[in-house]
Amino acid sequence: MRPKCELMVKRILPAVRVAVVKKLAEKHRMKQTEIAERLGITQPAVSQYLNRLRGSRYQSVLRRYGIMSVIDELVEQIVAEERRDEEFSQIYCHICAELSKKGALK
């Protein structure tokens with residue numbers, strides 16, 4: 001049996017990043033370099049998330065288990081510069097806990 005954190009990192013975290021990157025690029029018109037800086041990832045990673053070369057497989061899990069509202073709140077905090085990359089682990093742990101409660105990390 002795999003630890004929940006391992007499932008989170010391999011499956012859910014990339015899906016969360018796809019959703020966050022897409023909203024920052026499309027809704028808030030941020031450039032890939034700015035998104036990368038705000039999220040603490042590389043610009044090529046941002047490009048791969050936007051082109052769905054990473055993380056697109058588990059997007060439906062986020063919608064099915066009601067995580068998109070958490071992502072929307074996170075995006076707004078990123079835009080307002082209230083959240084920086086070093087604070088994301090708290091949000092990811094919250095998402096993991098929510099998905100775990102709902103039985104999504106089996």
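Quick one: count up the residues across region 25-77 that are among the acidic types (D, E) and closer than 24 Å to E98 by Cβ.
Total satisfying the criteria: 3.
Would you check which residues across region 55-72 are within 17 Å of E26 (Cβ to Cβ) and either free of Cβ contacts under 8 Å to residues at least 40 places away in the same chain or among the polar types (S, T, N, Q) (or both) and list them?
Once the filter is applied, which keeps residues that are within 17 Å of E26 (Cβ to Cβ) and either free of Cβ contacts under 8 Å to residues at least 40 places away in the same chain or among the polar types (S, T, N, Q) (or both), region 55-72 yields S56, Q59, R63.
Kindly check whether there is at least one residue in region 42-54 that is in contact (Cβ under 8 Å) with a residue 24 or more places away in the chain, surrounded by fewer than 20 Cβ atoms within 10 Å (Cβ to Cβ) and under 18 Å from V70 (Cβ atoms).
No: zero hits.
How many of the residues in region 10-34 are of a type in the set (K, R), without any contact (Cβ under 8 Å) to a residue 24 or more places away in the chain and in a helix (DSSP H, G or I)?
Matching residues across region 10-34 total 1.
What number of residues in region 14-40 are surrounded by fewer than 17 Cβ atoms within 10 Å (Cβ to Cβ) and at pLDDT 90 or above?
Count: 8.
Residues checked against (1) touching a helix residue (DSSP H, G or I) at 6+ places or on another chain (Cβ under 8 Å); (2) part of a helix (DSSP H, G or I); (3) among the charged types (D, E, K, R):
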site: R38; (1), (2), (3): yes, yes, yes
site: Q48; (1), (2), (3): no, yes, no
site: Q59; (1), (2), (3): yes, yes, no
site: I71; (1), (2), (3): yes, yes, no
site: E76; (1), (2), (3): no, yes, yes
site: I95; (1), (2), (3): yes, yes, no
site: E98; (1), (2), (3): yes, yes, yes
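Within region 66-106, can you find the residues that are among the hydroxyl-bearing types (S, T, Y), surrounded by 14 or more Cβ atoms within 10 Å (Cβ to Cβ) and under 14 Å from the mean Cα position of the chain (by Cα)?
Within region 66-106, just Y92 meets the criteria.
If R54 satisfies every condition in (1) within 12 Å of the chain's Cα centre (by Cα); (2) assigned to a helix (DSSP H, G or I) but one, which is the exception?
Result: R54 fails condition (2) only.
The values are calculated or read from the model by the stated rules, or taken from the named source; none is laboratory data. Keep in mind it's a predicted model, so treat the numbers as computed, not measured. Positions of Cβ are backbone-derived with ideal geometry, glycine not excepted, and every protein chain shown enters the neighbour counts.
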